[in-house]
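What follows is one structure encoded as structure tokens, with my remarks underneath.
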Amino acid sequence: MSTRTGFIGLGAVGGKLAGNLMNNGVELMVHDLDAEAVAAFTARGALAGGSSAAVMRDCDVVITSLPSPAASEAVLAEMLPEMGPGKIWIEMSTTDADMIVEQAARVAATGGVAVEAPVSGGCHRAATGNISVFAGGDRASFERVLPLLTILGRQVLHTGEVGTASRLKVMTNYLATAN
């Protein structure tokens, strides 16, 4: 595995997550539609990826933290041609369980692996790494990305196969709202 990790989506939550990785010595290649967000990271030593496809091509692990399922789908479509054996996509965006299962199947068809890892705790906690990460994917892939996930979140829970993490996040959000 290359030592460089890709990070796509430097918004409210993603920017904080990517910052935690940099603060912990992870070499990052970043991409975002907001050029100022990218510039803030390159000023700190990250490499600018230029496109989602380039980030996936140049990194073995790429993390996405995007604002909507539509944005997630658009970025995945750009990355898919660059995926293959040894490549891992960690989807940290809040997405639909059925959608991530279907997306993971398309990634698997390339020989790559998808791990869903939605977070719970909000922007303020993301900044300090004091969030919970629910990770769905096969156990071997989960263990391979666990060192990154433990930088991103204080509590990391392997929930089972892809789709289970999104379902658990929906339930915990519901319970938090109801209480």
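The values are calculated or read from the model by the stated rules, or taken from the named source; none is laboratory data. Every value quoted in this text rests on a predicted model; they were computed, and no experiment measured them. Neighbour counts run over all protein chains shown; Cβ positions are idealised from the backbone, glycine included. The area values use the complete protein model at the heavy-atom level, side chains included, leaving out ligands, DNA and RNA. Shrake-Rupley method; radii C 1.70, N 1.55, O 1.52, S 1.80 Å.
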Taking only Cα atoms of the chain, what ratio of Rg to Rh do you get with Rh as the Kirkwood inverse-distance radius?
0.93
Calculated P(r) of region 1-41 - Cα pairs past 13 Å, %:
46 percent
Which one, SER93, SER52, SER141, has the greatest fluctuation when you compute a Gaussian network model over the chain with C-alpha springs under 10 angstrom?
SER141
Of all the accessible heavy-atom surface of the chain, with the other protein chains kept in place and a 1.4 Å probe, what percent is carbon and sulfur?
57 percent
List the pair-distance distribution P(r) of region 1-106, using every Cα-Cα distance, as the percent of pairs falling in each 5 Å bin from 0 up to the bin containing the longest distance, rounded to whole percents.
2, 14, 26, 26, 18, 10, 3, 0
Just need the relative contact order of the chain here, percent rounded to a whole number, with Cα pairs under 8 Å and 6+ apart.
19 percent
Quickly work out the ALA48-to-ALA74 label distance, labels modelled 7 Å from Cα along the C-beta direction, and quote it in nm with one decimal.
1.9 nm
Under a 1.4 Å probe, what is the accessible area of region 1-149 per residue, stated in Å²?
40 Å²
Taking 7 Å along the Cα-to-C-beta vector as the label spot, tell me the GLU161-ASN23 distance in nanometres, rounded to one decimal.
3.7 nm
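If you put +1 on each Lys and Arg Cβ and -1 on each Asp and Glu Cβ, how big is the dipole of the chain around its Cα centre, in Debye rounded to 20?
For this selection, approximately 520 debye.
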Net length gained if the chain between ASP60 and ASP96 were fully extended (0.36 nm per residue, minus Cα distance)
10.5 nm
Heads up, region 55-148 by the C-alpha gyration tensor (a ≥ b ≥ c square roots of eigenvalues; a/c under 1.5 rounded, else a/b over b/c prolate, else oblate) looks prolate
